[in-house]
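The structure under discussion appears below in the form of structure tokens.
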Amino acid sequence: MPGEQAVFTLADSPHATAARSFRSIGKALSDLLPAAEVEHVGSTAVAGCIGKGDIDVLVRVHEPDFAAAVHALDSLLARSARNEASATYVEYDWRDGPDSASVQLVVAGSSLDDRFHGLKAVLLEDPEAVERYNSLKLGCVGMPMDAYRERKRVLIDELLSSRAGSADATVRPGVRE
């Protein structure tokens, strides 16, 4: 219904299915942006994580390549209305047949690069972090999306604060699962 606020729900999205979709999307993005690093991030990229079933793709470029990458992606994809674009970040919506994803274009080494890439690293390295992340999500089912996103932001801040160092500004062109 129009005007009704979206609520957080979980989906059963097998890791293997998400990985297949990512490979298809990742290849297309890597072909379009050969100097970019294209990485599967988010819950579907980490075995054992639960989530909404949406696929998140991180596209990392060096700062001098950012404007050209924005231009290329603007010609292919619709910009997402979920988050505001900045000088180091633009979010896109990928829709192609059965594959859909949120595509996060970032300047390598930026704070949002560290957030997406860093969270995946923490979840892959720390089973307790996965448990906390899953517990938060289970506790948010049925909540308004804004409330869920705020709680998730706080937890991600906590998880990342325990991580030493900041984002790696090295771009390794190609596709990374």
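None of the figures in this text is laboratory data; all of them are computed from the coordinates on show. Since we're looking at a predicted model, the values are computed, not measured. Positions of Cβ are backbone-derived with ideal geometry, glycine not excepted, and every protein chain shown enters the neighbour counts.
Yes or no, residue by residue, for (1) more than 20 Å from Thr9 (Cβ to Cβ); (2) aromatic (Phe, Trp, Tyr); (3) surrounded by fewer than 16 Cβ atoms within 10 Å (Cβ to Cβ); (4) out of contact with any helix residue (DSSP H, G or I) (no Cβ under 6 Å at 6 or more places or on another chain):
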{"residue": "Ala68", "(1), (2), (3), (4)": "yes, no, yes, yes"}
{"residue": "Leu73", "(1), (2), (3), (4)": "yes, no, no, yes"}
{"residue": "Ala78", "(1), (2), (3), (4)": "yes, no, yes, yes"}
{"residue": "Val90", "(1), (2), (3), (4)": "yes, no, no, no"}
{"residue": "Glu128", "(1), (2), (3), (4)": "yes, no, yes, yes"}
{"residue": "Asn134", "(1), (2), (3), (4)": "no, no, no, yes"}
{"residue": "Gly142", "(1), (2), (3), (4)": "no, no, yes, yes"}
{"residue": "Ala169", "(1), (2), (3), (4)": "yes, no, yes, yes"}
> Taking region 37-72 only, how many residues are of a type outside the set (A, V, I, L, M) and in contact with a His (Cβ under 9 Å, 6 or more places away or on another chain)?
Replying inline: 6
>> What's the number of the only condition in (1) surrounded by fewer than 13 Cβ atoms within 10 Å (Cβ to Cβ); (2) of a type in the set (Asp, Glu); (3) under 14 Å from the mean Cα position of the chain (by Cα) that Asp54 fails to meet?
In response: (1)
> If you go through region 48-102 one residue at a time, how many are without any contact (Cβ under 8 Å) to a residue 40 or more places away in the chain and either of a type in the set (Val, Ile, Thr) or closer than 27 Å to Lys152 by Cα (or both)?
Replying inline: 19
